[in-house]
């Protein structure tokens, strides 16, 4: 606040409001993984808005959403590299004993706990599908 970064301050206030809202709605105190899911949800919403603003030719709003995405991603853990992600997927496939696409849910459940906030789960799902022959 003292440094005059109004955009960062606005994003921090938005994040704390979203966390408090979920805590009040569900009458719980959020742990770290639940806070990560709130941040991921906010980033996903911003990406969807970004696509619509680009389609609507609104460069002012595109810039605003892009800045918010960048600031929100700063609060997520460092992303997994491709080699780390591939190793995690291989480990999860062997742990679940998965051999077909029908067992993809088991593999995703194992990976979700380890990669939450560190990888795009849609991309992870696509990689799992490719490895399981889907």
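For the chain, take the longest principal axis of its alpha carbons; what is the angle in degrees between that and the long axis of helix 6-26, to the nearest 10 within 0 to 90?
Tilt relative to the chain: about 60 degrees.
Calculate how steeply helix 32-55 sits against the longest principal axis of the alpha-carbon atoms of the chain, using the helix alpha-carbon long axis, and give the answer as 0 to 90 degrees to the nearest 10.
70 degrees
Using alpha carbons only, how many angstrom separate the centre of the range 70-134 from the centre of the range 22-62?
Spelled out, the Cα-based centre of one part sits 21 Å from the other.
Order 38-45, 19-26 from most to least packed using the mean count of other Cβ atoms within 10 Å. If you can, show how the numbers build up before the last one.
Details: 38-45: 16.1, 19-26: 12.1.
Highest-to-lowest ranking by the protection proxy: 38-45, 19-26.
What's the angle, to the nearest 10 degrees (0 to 90), between helix 59-73's Cα axis and the longest principal axis of the chain?
60 degrees
Give me the extension gain from residue 87 to residue 66: residue separation times 0.36 nm, minus the current Cα-Cα distance, reported in nm with one decimal.
Numbers: separation 21, 0.36 × 21 = 7.56 nm, distance 3.09 nm.
Extra length from residue 87 to residue 66 when fully extended: 4.5 nm.
Return, for the Cα atoms of the range 24-88, the radius of gyration and Dmax in Å, separated by a comma.
15.1, 41
Using just the alpha carbons, could you tell me how many Å³ per residue the convex hull of the range 82-131 encloses?
Numbers: hull volume 3.2 nm³, N = 50.
Per residue, the Cα convex hull of the range 82-131 comes to 64 Å³.
Order the peptides 90-96, 62-68 from the highest to the lowest mean number of other Cβ atoms within 10 Å of their residues. Display every interim value, and only then the final one.
Values: 90-96: 15.3, 62-68: 16.9.
Top of the packing list down: 62-68, 90-96.
Taking the convex hull of the Cα atoms, report for the chain its projected area averaged over all directions, in nm².
Values: hull surface 42.9 nm².
Convex hull of Cα atoms, orientation-averaged projection: 10.7 nm².
Where a number appears in this text, it was derived from the coordinates with a stated rule and is not lab data. In this text the structure is predicted, and so the values were computed from the model without any measurement. We place every Cβ from the backbone using ideal geometry, glycine too, and count neighbours over all the protein chains shown.
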